[in-house]
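The values are calculated or read from the model by the stated rules, or taken from the named source; none is laboratory data. Every value quoted in this text rests on a predicted model; they were computed, and no experiment measured them. Because the Cβ atoms are built from the backbone with ideal geometry, glycine has one as well, and the counts that use them run over all protein chains shown.
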Amino acid sequence: MIGTYGAVVAVCVSSLAIGQAAIALCGGRRWSWLAPAVGLALLLALCWGTVRLPGDGAVSAVAVLALTVAALAYLRGRVEGTGEALRAGWPVALGALLACSLPFAVEGHFGILGTSFNPDMSQHLLAADRLAEGHSSQLLNQGYPLGPHAIVVALNKGLGIGLVQGFSGLAVAVALLASLTALTAFRELPALPRTAGALLVGLAYVVASYFAQGAFKETMQALFLLAFVLALREADRGWSGLPLRFVPAALIAVGSIYAYSFPALIWLGGAAVLWICASAVGGTVGGTPPEDASATGRGGGSPAVTGPAARELGLALLTFMVLALPELGRMIDFQQFETFDPNGPGLGNLFGQVSPFEALGIWPSGDFRLAPGDGAVPAVGYYLGIAFALALFAYGLVQLWRSRESAILAGLGAAALAYLAARVAGTPYTAAKAIEIGAPLVALTILLPLAEASAVRFMSAMRAKGAPQWLVPIAGVAFVAAAGVCSLLALANAPVGPASYSSTLSEYRKLVGAGPTLVYASPRLLDEEHGGPFLAWELRGGRVCIQSTDEPKVPPGVRFVIWDEGDWILRKVSNPLPGKSPCPLIAVRQARQGPAR
């Protein structure tokens, strides 16, 4: 517990300080809730750029500490509105922390998130372990983005936090930072709708489901897409007079590259192109026309991208290219990664295509992979929720169009196009990721117009001493309640696996080959920590039996025995019992598809 929450605090403090300092250097003088995303982006680039230097990660830890201290010193006396920001932020941070702690509370222990849903964390732990020892790994050689892994190594070397706790803490920190980032859109609203809106955007149902299976890269990319869109929006509002107003968006894009490699540009690049096209119309679609800005008080609107705006965009693009250039070779290598093969099975840990309606947020199932009616709730419950949320989504689209929210609409359009491309030319696995990455923007499209309309109508009714118009507020409350319950259901259903990790089993996989191999594990590891699927994944590619140490019985044909004595010990069986081995073949797909809960 201490290691997990220590990692949460370290990542959040560094991200907030570094991000706000970067925004201040760009000319921002008031606290911005884009600081969490900007800071996390810079943290990814910094840790990845230093983790392979001598010291095997120690330099990363020192660099993060030095930059955080320097950022705090620089911000002293330079930022306005910190008290107001603290009052708005602490309920959101606390709510997100409590929600993300739910899996650990339900399971009764801390450990690897998502075991028995998705055993992929084994590969991430191995890659981080290799980085911490200064060795290569398969993911490193394939160009896989290892910025998040570098942060975990820095936590390990700097604070002594274990790799398992580092990844869990990073996943929780991303959820907190995403919810805080959503405050950028809700900051002018009263406390209750502001807090509820930020939490539901940051922990939308599909995002919560990916958190539950330990998929930190996808939740990080969802955060960066949300932040990128809001940074474009803020460039036309609070930062409209700054020459470097687009640089924060560029920094967010840099972090997205180090977390998600070149696929990140599908969403962020698409959003930028659509936003520029809307801006070039002259403000009639891309935002409030400049001559109307003072009348509306919104200050939101993109003039045609010419003159100063073009120079400002050029500075941002140059910043992005300089900081992303070191990753170019790895991005080229990553295009050969197996996930992108459209001819492969493409299911991963899924059972089939995931419904895009899950992005609407009302999906009453603890397992997002299940189809309507396959869980405890009848199918009609899903369809009623879809119809209700779809109506609110359509209402939100109309209101955003009328308000000329070009940045949000551009991000939403890019997310829709990315999903269609994945559905047509990709695999169910990549299509599901596209749904998750766009889910916060869908939630924002529903919640922002509802919250703004509810606040305006309520205040108007109060001034007139009459009854408020309840239809929109009631719809908003109903959606928050339904979507909130669905997100909490996904979090409560999250399996939590072993609390420690050793690369020994991965090394043994090369020695035992096809086996057959018997693994003796403790009853706690198997029954309480969902260790079976994790062990199977570690030894995938061979025939593996997994038994409790309470029932030691060597089956026929077993050639190797592995058991836990502080670390895993391998022994070769000199005289295997005659007969056909009952140990099943643990193929890659079989190991990935853990049982639904």
Here the qualifying pairs (Cβ atoms under 7 Å; residues six or more apart or on different chains; first in the range 5-17 and assigned to a helix (DSSP H, G or I); second polar (S, T, N, Q)) come out as 7/165; 13/68; 14/68; 17/68
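Yes or no, residue by residue, for (1) over 25 Å from residue 211 (Cβ atoms); (2) charged (D, E, K, R):
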site	(1), (2)
63	yes, no
67	yes, no
72	yes, no
76	yes, yes
86	yes, no
89	no, no
92	no, no
95	no, no
All but one of (1) surrounded by fewer than 16 Cβ atoms within 10 Å (Cβ to Cβ); (2) modelled with pLDDT under 90 hold for residue 334; which doesn't? (1)
Restricting the first residue to the range 483-497 and requiring it to be modelled with pLDDT under 95, which pairs with a second residue that is basic (Lys, Arg) meet a Cβ separation below 6 Å and a spacing of at least six or different chains? 493/597
Pick from 27, 77: which is free of Cβ contacts under 8 Å to residues at least 24 places away in the same chain and on the phi > 0 side of the Ramachandran plot? 77
Within the bounds of the range 165-180, is there any residue that is touching a residue at least 60 places away in the same chain (Cβ under 8 Å), over 19 Å from residue 215 (Cα atoms), out of contact with any Pro (no Cβ under 9 Å at 6 or more places or on another chain) and assigned by TED's automatic domain parsing to the domain that holds residue 326? no
Picking from 167, 104, 186, the residue that is touching a strand residue (DSSP E or B) at 6+ places or on another chain (Cβ under 9 Å), closer than 27 Å to residue 229 by Cα and not acidic (Asp, Glu) would be 167
Exactly one of 377, 442, 424 is surrounded by fewer than 19 Cβ atoms within 10 Å (Cβ to Cβ) and not in a loop (DSSP other than H, G, I, E, B), and that residue is 424
Among the residues of the range 118-131, is any assigned to a helix (DSSP H, G or I), touching a residue at least 24 places away in the same chain (Cβ under 8 Å), surrounded by fewer than 21 Cβ atoms within 10 Å (Cβ to Cβ) and not hydrophobic (A, V, I, L, M, F, W, C)? yes
Just one listed residue, out of 51, 9, is within 25 Å of residue 162 (Cβ to Cβ), touching a Gly at 6+ places or on another chain (Cβ under 9 Å) and either outside the structural domain of residue 159 (by TED's automatic domain parsing) or surrounded by fewer than 22 Cβ atoms within 10 Å (Cβ to Cβ) (or both), and it is 9
Here are 34, 43, 98, 16: which of them is surrounded by fewer than 22 Cβ atoms within 10 Å (Cβ to Cβ) and either more than 20 Å from residue 220 (Cβ to Cβ) or touching a helix residue (DSSP H, G or I) at 6+ places or on another chain (Cβ under 9 Å) (or both)? 98
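A quick yes/no check of all residues on (1) surrounded by 21 or more Cβ atoms within 10 Å (Cβ to Cβ); (2) aliphatic (A, V, I, L, M):
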| residue | (1), (2) |
| --- | --- |
| 486 | yes, no |
| 490 | yes, yes |
| 499 | no, yes |
| 504 | no, no |
| 509 | no, no |
| 513 | no, no |
Given (1) touching a residue at least 60 places away in the same chain (Cβ under 8 Å); (2) assigned to a helix (DSSP H, G or I); (3) more than 17 Å from the chain's Cα centre (by Cα), where does residue 151 come up short, assuming only one miss? (3)
Is it the case, given these coordinates, that residue 563 is surrounded by 16 or more Cβ atoms within 10 Å (Cβ to Cβ), aromatic (Phe, Trp, Tyr) and either modelled with pLDDT of 80 or more or not assigned by TED's automatic domain parsing to the domain that holds residue 508 (or both)? yes
